[in-house]
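Structure first, commentary second.
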Amino acid sequence: MGWWQVNADTLAGSRFLISPLAETFASLILLHKGAAGHTGGHPGERDWLRVHLPGYRALLAGDPVTAALVRAGLGREWIADFLTPTPRDGESFAEEVARVRATCPAAARAHLRTALAGPVPELLERDDLPERAARLLEYVWTETVRPAWERRRRILQADVAARTAQAGRGGWAAVLDGLRPGTRWLGGSRFQVNLHEYPPREISGAQLLFVPVTPYCGWVSWEESGLRYAVVYPCTGVLAGSDERTAVPAALGALLGASRAQVLVLLASPLSTTQLTAVTGQALGSVGRHLRVLLDAGLAQRHRAGRSVLYTRTAAGQVLVEAASGRTGAGAGT
């Protein structure tokens, strides 16, 4: 397993960060899996692939060099480092992808050899690989991520709010254990970051970042200076944002009003007012008023979890959502 040595000061100073490029690269991974026959893990993911996979396949079919670059860059057990620069505070997608484009061609080929654990295919023995990678990422961002970026960003912000609250309740160990498969706090200042057999890294004194993405994937990255390390992890539960599961049925919107109905639909999983505000984009006061009405009507319930108050649908709320959606027989909270 791969693990990092993290002292208390580094862990206490760690923070969450949202990266447009990380979200774009995670979407590229999903497209790559879809091109290989993966059909998606949930309805929203399948819908997304149905819309965007044909264009992606056509792009690679017309550009065999870039197609080979994607296959090599995603590697066997390791992603080529130049494709996933460690995020920095406040960078736009354009600023992040510029760092990919600025990679030394020789370094890019070296990273590909590491990812492949062997020689680079002859087709990729060329100097325009960073430019090709940047153009591909720009395509994925422009065509598949940017149109829904504001919604995705709210989902990511909600996940950050949930993880921050979790750290406040149960400490960082509780957060690290649940980031993604393969991550856990080992004790003794050791943080397991994956299941690969790589030498441990001493990162005490560096900046440690946690970066959420909506597709179900993740990776680690660091700068050659050793001053910044990042763990990219997938959002979980309803925060992963399946459009189908969070869509508001027209009949329910007509009955409750679209905004209040949206809150009720999202309460399939326990959420706080902060999370609901981030996901819906509604003002905190509006979300609070909707919750009071839903509580008074017996459609929602609340309970305390540590310092947080979480809201979920009641059985009556579940029946109402299912009836408006034309579904019957589903269990509560599905």
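Quick test for you: out of Ser286, Ser325, Ser269, pick the one residue that is at pLDDT below 85, more than 23 Å from the chain's Cα centre (by Cα) and of a type in the set (Gly, Ala, Ser).
After applying the criteria, what remains is Ser325.
For residues that are modelled with pLDDT of 90 or more and crowded, with 21+ Cβ neighbours inside 10 Å, scanning just region 223-235, find the one that is farthest from the chain's Cα centre (by Cα).
By that ranking, first place goes to Tyr229.
Do any residues in region 110-130 that are without any contact (Cβ under 8 Å) to a residue 12 or more places away in the chain have Cβ atoms under 7 Å from those of residues that are among the hydrophobic types (A, V, I, L, M, F, W, C), where the two are at least six apart or on different chains, and which pairs are they?
Arg113/Val120
Being farther than 24 Å from Leu179 by Cβ, among the small types (Gly, Ala, Ser) and open to solvent by 30 Å² or more (accessible area, probe 1.4 Å) narrows it down to one residue among Ala8, Ala98; which is it?
Answer to the check: Ala98.
Which is over 25 Å from Gly226 (Cβ atoms), surrounded by fewer than 15 Cβ atoms within 10 Å (Cβ to Cβ) and out of contact with any Lys or Arg (no Cβ under 9 Å at 6 or more places or on another chain), of Glu125, Glu150?
Among Glu125, Glu150, only Glu150 is over 25 Å from Gly226 (Cβ atoms), surrounded by fewer than 15 Cβ atoms within 10 Å (Cβ to Cβ) and out of contact with any Lys or Arg (no Cβ under 9 Å at 6 or more places or on another chain).
If I filter region 171-206 down to residues being open to solvent by 60 Å² or more (accessible area, probe 1.4 Å) and in a loop (DSSP other than H, G, I, E, B), which single residue comes out as nearest to Gly13 (Cα to Cα)?
Gly205
Among the small types (Gly, Ala, Ser), surrounded by 14 or more Cβ atoms within 10 Å (Cβ to Cβ) and more than 25 Å from Leu208 (Cβ to Cβ): does that describe Ala110?
Yes, satisfied.
Residue check, Leu209 against (1) surrounded by 14 or more Cβ atoms within 10 Å (Cβ to Cβ); (2) more than 18 Å from the chain's Cα centre (by Cα); (3) not charged (D, E, K, R), all met but one. Which one?
Evaluating Leu209 over (1) surrounded by 14 or more Cβ atoms within 10 Å (Cβ to Cβ); (2) more than 18 Å from the chain's Cα centre (by Cα); (3) not charged (D, E, K, R) leaves (2) as the failure.
Take the residues of region 256-271 that are touching a helix residue (DSSP H, G or I) at 6+ places or on another chain (Cβ under 7 Å) and open to solvent by 20 Å² or more (accessible area, probe 1.4 Å): which is farthest from Asp47 (Cα to Cα)?
Result: Leu256.
Only residues that are in contact with a Leu (Cβ under 9 Å, 6 or more places away or on another chain), open to solvent by 20 Å² or more (accessible area, probe 1.4 Å) and either free of Cβ contacts under 8 Å to residues at least 24 places away in the same chain or among the acidic types (Asp, Glu) (or both): list them for region 46-58, please.
Residue satisfying the conditions is Arg57 alone.
For residues that are open to solvent by 10 Å² or more (accessible area, probe 1.4 Å) and touching a helix residue (DSSP H, G or I) at 6+ places or on another chain (Cβ under 8 Å), tally how many sit in region 72-81.
Residues in region 72-81 being open to solvent by 10 Å² or more (accessible area, probe 1.4 Å) and touching a helix residue (DSSP H, G or I) at 6+ places or on another chain (Cβ under 8 Å): 6 in total.
Quick check on this structure: which one of Ala35, Ala61 is out of contact with any Pro (no Cβ under 7 Å at 6 or more places or on another chain), at pLDDT 95 or above and open to solvent by 10 Å² or more (accessible area, probe 1.4 Å)?
After ruling out the rest, the residue left standing is Ala61.
The values are calculated or read from the model by the stated rules, or taken from the named source; none is laboratory data. What you see is a predicted model; the values in this text were computed from it and never measured. Virtual Cβ from ideal backbone geometry, glycine too; neighbours counted across all protein chains shown. Accessible surface areas use protein heavy atoms only, side chains included; no ligands, DNA or RNA. Shrake-Rupley method; radii C 1.70, N 1.55, O 1.52, S 1.80 Å.
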